[in-house]
Amino acid sequence: IKHKEVARKLVEKRLPELNKAYGFTYHKIAIRNQKSRWGSCSMSGNLNFNYKIALLPSHVADYLMVHELCHLGEFNHSQRFWDLVARTIPDYVRVRAELHSL
């Protein structure tokens, strides 16, 4: 439960900073113990993150938050979506590979 609190503080502090580049509107933020995913974004604009985001290196946690934020602009993994991600995480391909290797 402690990790969840740390994760919530991290996301609530960092997400608005990262969102300055986008200006997206999001609603609820949930911190969950998801077995098979790091995060998700609902059609209604709610962002969900795995509590283990608190254990990641900060640049990887930032990538995760930006990834879910960008789904508010593009609800898919099209080139337009990745172009949005690249706006703040230009080396997203490398960071994404790092995340998947953990």
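If I filter the stretch 64-102 down to residues being of a type in the set (A, V, I, L, M), assigned to a loop (DSSP other than H, G, I, E, B) and open to solvent by 20 Å² or more (accessible area, probe 1.4 Å), which single residue comes out as nearest to Ala21 (Cα to Cα)?
Here is the first cut: in the stretch 64-102, the ones of a type in the set (A, V, I, L, M) are 64-66, 69, 72, 84-86, 89, 93, 95, 97, 99, 102.
Imposing the further condition that a residue be assigned to a loop (DSSP other than H, G, I, E, B) reduces the set to 72, 89, 102.
Filter once more, so that each one left must be open to solvent by 20 Å² or more (accessible area, probe 1.4 Å): 72, 102.
Details: Leu72: 13, Leu102: 27 Å.
Here the answer is Leu72.
I'd like the full set of residues that are over 9 Å from the mean Cα position of the chain (by Cα) and of a type in the set (Gly, Ala, Ser), limited to the stretch 33-77.
Ser36, Ser42, Ser44, Gly45, Ala54, Ser58, Gly73 - these are the residues of the stretch 33-77 that are over 9 Å from the mean Cα position of the chain (by Cα) and of a type in the set (Gly, Ala, Ser).
Can you tell me which residues in the stretch 34-63 are in a helix (DSSP H, G or I), touching a residue at least 12 places away in the same chain (Cβ under 8 Å) and either open to solvent by 60 Å² or more (accessible area, probe 1.4 Å) or over 18 Å from Ile89 (Cα atoms) (or both)? Let's see the steps before the verdict.
From the stretch 34-63, those in a helix (DSSP H, G or I) are 51-55, 58-63; that's our starting set.
Pick out the ones that are also touching a residue at least 12 places away in the same chain (Cβ under 8 Å) and you get 51-55, 59-63.
Listed by number, the residues that qualify are Tyr51, Lys52, Ala54, Leu55, His59.
What single numbered condition from (1) part of a strand (DSSP E or B); (2) surrounded by fewer than 17 Cβ atoms within 10 Å (Cβ to Cβ); (3) of a type in the set (Val, Ile, Thr) fails to hold for Ile31?
(2)
Among the numbered criteria (1) out of contact with any strand residue (DSSP E or B) (no Cβ under 8 Å at 6 or more places or on another chain); (2) without any contact (Cβ under 8 Å) to a residue 24 or more places away in the chain, which single criterion is violated by Leu18?
Checking Leu18 against (1) out of contact with any strand residue (DSSP E or B) (no Cβ under 8 Å at 6 or more places or on another chain); (2) without any contact (Cβ under 8 Å) to a residue 24 or more places away in the chain, the one that fails is (2).
The values are calculated or read from the model by the stated rules, or taken from the named source; none is laboratory data. This is a predicted model, so every value here is computed, not measured. Heads up, the Cβs are rebuilt from the backbone with ideal geometry, glycines too, and the neighbour counts pull from every protein chain shown. Ligands, DNA and RNA are excluded from the accessible area calculation, which covers all protein heavy atoms including side chains. Shrake-Rupley method; radii C 1.70, N 1.55, O 1.52, S 1.80 Å.
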